[in-house]
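The values are calculated or read from the model by the stated rules, or taken from the named source; none is laboratory data. All of these numbers come straight from a predicted model, not from anything done at the bench. Positions of Cβ are backbone-derived with ideal geometry, glycine not excepted, and every protein chain shown enters the neighbour counts.
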């Protein structure tokens with residue numbers, strides 16, 4: 001193993017994957033630059049906290065998202081009917097999107113994870129591992145960023161995407177959650 005933080009005399013440093021993220025800039029919908037983002041490690045003068053525990057794999061997170069999306073789609077089809085859902089020009093897909101944001105925000109706030117996350121044995125916690133209740137507005141911001149697709153595709157080496165950084169959260173497995181002594185959910 002090399003020295004990831006630097007180099008020893010006569011030794012090349014390990015390559016840094018994701019170097020293109022060193023100067024990422026976030027642009028709001030009204031095209032105002034959010035100042036202070038530096039390599040996904042600082043927001044202004046506040047360093048972004050790296051969680052003191054391992055985060056869940058992206059495979060399980062994607063599976064959880066697919067379970068959530070399927071469940072929301074089935075609920076919308078149950079309400080509007082299959083014919084109305086598949087009709088060209090139907091707005092039912094927007095209903096699925098809205099229901100997804102509402103379901104994932106509400107269940108993450110109340111139960112520590114969406115239906116899909118709970119089914120795949122994942123939990124959303126504060127990045128610092130604290131046990132204080134989650135802020136529903138931060139969770140709503142997190143889920144809105146998830147449906148924008150780009151934030152989950154840009155992530156830090158600790159496994160947290162921009163949506164997690166914005167909300168101060170991370171996704172962990174149920175075993176890690178229980179290891180934190182948070183509860184037996």
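Points worth noting:
- Of all the residues in region 162-174, those that are buried (at least 22 other Cβ atoms within 10 Å of the Cβ) and more than 20 Å from residue 115 (Cα to Cα) number 2.
- Scan of region 51-66 for residues that are in a loop (DSSP other than H, G, I, E, B) and surrounded by 13 or more Cβ atoms within 10 Å (Cβ to Cβ), ordered by number: 51, 53, 54, 55, 56, 57
- Test: residue in region 142-156 that is more than 23 Å from residue 53 (Cβ to Cβ), crowded, with 18+ Cβ neighbours inside 10 Å and in the same structural domain as residue 53 (by TED's automatic domain parsing): no
- Scope region 96-114; condition within 23 Å of residue 179 (Cβ to Cβ) and in contact with a helix residue (DSSP H, G or I) (Cβ under 7 Å, 6 or more places away or on another chain); matching residues: 107, 108, 109, 111, 113, 114
- Any hit, region 112-133, residues being farther than 17 Å from residue 66 by Cα, assigned by TED's automatic domain parsing to the domain that holds residue 59 and at pLDDT 95 or above: no
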